Each structure stands twice: as C-alpha cells, then as structure tokens.
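> Could you have a look at this structure, given as structure tokens, before my questions?
Coordinate-derived values only; no laboratory data. This structure is a prediction, so every number in the text was calculated from the model and none was measured. All Cβ positions, glycine included, derive from the backbone under ideal geometry; neighbour counts span all protein chains shown.
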Amino acid sequence: MAKKKKNSKKGTKQSSSSSKFVFWIIGLIAISIIGFIFLANNQKSDNTAKEEIDYANQPFLGEKSAPVSIVEFGDYKCPNCKNFADNVVPLIVKDFVDTGKAKFYYFHYPFINVDSERTAKFSEAVYHELGNDKFWEFHELIYDKQPEDTRYEKVDLFTEDFLTETLQEIASEAEVKKVTAYFDTKDPEEAWKSDEALGGKLGVQGTPTIFVNGKRFDGTTMEDLNKLVEEAAKEQKGNE
C-alpha cells in the first residue's frame, strides 16, 4: 500500500485544495468556438517561464513525433479532474492529438486522501505491466467510477479490492495477477512520488494543472490553449 504522507504535508495540500482548486466548466464562447472557463480562488501564476519536464516512461496519447507536449497533473479522486477528463480531454484529443499537433501526458499529483495515492500507485502498476493503451483504458474507467456526490471525496472508497475488480473489467486474469504483484512492490509508489515531486517543483497547487512544453497554462478557453500550443510548436521548430 502507498504510505500516508506526513500530517504537515497533507494539511498544506488539503488546505490548498479548498482555496486554490482548479475548476473547469465547458461553455459556448462564440459560434463554433467551444471553450472552457478556468475558475480559481487564487490569482493566475506569475511563473510563465518554461520548465524542463522528463517525459520518459510516462503514459501519453498521440504520436511520439508530435512537436508539443501537453501535461496534466491530476488526482483520480478530484471531482474537477473528472470534469476535465470527461469534457476537456476529448477536445484536446480532437484538436491537438488527432491532428498530430501535440501529445497529451498524465502525471500524478495525488493529495485528497489515501484513495488518491493508492489509485496513483495502482495505475502506475498497470502502466508498467500492461503498457500505455491499457493504462488509458484503466484511467478512463476510474474516472467513470468516481462518485458524483462530492461528499465522498474524503471517504476511503478506492480500495485495493475495488481497483483490482475494476482492472478485471478490461484485463485478463493473468494480466491482473501481474499488476497486483507489481503493485505490492515499492516501484510504482516511487513512480507516482516522482510525478508529485516534479509537480511541487513546477508550483502545482491544485488539480488539474496543465503545462504546454513545460509552460504553465493559465488561459480560460480552448482558443487560449490553441495559441499556447501554436507558440510552443513554432518555438520547437525554431530550435530544430
């Protein structure tokens, strides 16, 4: 099982979740323009500089040759991440991934409760043992199973039995055994903690938080995201 964080660390993160949470709401910005509104109680980050991110051994959607890398730091227990997964990620896939403009990565930043850490560890085990495609199947299924009632946000629901049963819906018995065996080692825990540490260095305070080629996205619409992706693509081409 994933170890619990020290109380001082958890208190800091849980406090930030109430005052610095990220809320994504899909809306109609103008005719034929679909956007999303970024609502937060904190001001936008002043850190606009690019940060180096190691993308090796990370799950992603898209082609390796895509010039731009979009990263989400997420928490499987986070209601806003579910909203993002359900409503915004499909737009990112349609506009950027399917067109070959960008790759979309998922990095773990679990902070809500032990469910968050356990599920991050389990998904790392799925990725390691079953590969990228199966990871994304499991990823989507977990968000589908997240309770809509946010009162359950802090309740311990995503137990190891629950995660195993969820994986059984999309994997063979042999595959499930491989994942659960690897889950019982320290390696998948170290993997999500590496993601978390990177998020801390990048100034992540809530989820979902998005970066484009290492630059934090603080826009409010898909048009804003498209501009940042285009800028990143031009910069990448200029560096080649």
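> What FRET efficiency do you get for Lys234 and Asp149 if R0 is 45 Å and r is their Cβ-Cβ distance, rounded to the nearest 0.05?
Using R0 = 45 Å, I get an efficiency of 0.50.
> Under the Karplus relation 6.51 cos²θ - 1.76 cosθ + 1.60, θ = phi - 60°, what is the ordered set of whole-Hz ³J(HN,Hα) values for segment 60-65, x standing for Gly and Pro?
My calculation for segment 60-65 gives 8, 10, x, 9, 4, 7 Hz in order.
> A follow-up question, please. Which aspartates and glutamates, if any, have their Cα less than 20 Å from the Cα of Lys234, not counting same-chain residues under 8 positions apart?
Glu51, Glu52, Glu63, Asp95, Asp98, Asp218, Glu223, Asp224
> While we're looking at this one, here's another question. State which entries of Lys77/Lys227; Lys134/Lys177; Lys103/Lys227; Lys82/Lys121; Lys77/Lys177 exceed 21 angstrom in Cα-Cα distance in the structure shown.
Over 21 Å apart, Cα to Cα: Lys77/Lys227; Lys77/Lys177.
> While we're on this one: Using the per-residue mean of other Cβ atoms lying within 10 Å as a proxy for protection, in what order, highest first, do the peptides 78-84, 178-184 fall?
78-84, 178-184
> Can I ask one more? Please list, in order along segment 167-176, the HN-Hα scalar couplings obtained from phi with the Karplus expression 6.51 cos²θ - 1.76 cosθ + 1.60 (θ = phi - 60°), rounded to whole Hz, x for Gly and Pro.
5, 4, 6, 10, 9, 6, 4, 5, 5, 4
> Separation of segment 202-237 and segment 144-198 by C-alpha centroid, Å?
Distance between centres, Cα-based: 28 Å.
> For segment 197-240, take the alpha-carbon Rg, divide it by the Kirkwood Rh, and send me Rg/Rh.
Working: Rg = 11.9 Å, Rh = 11.5 Å.
In segment 197-240, Rg relative to Rh is 1.03.
> How far apart, in nm, are two points set 7 Å out from the Cα along the Cα-to-Cβ line at Asp224 and at Asp156?
My value for the distance between the label points is 3.9 nm.
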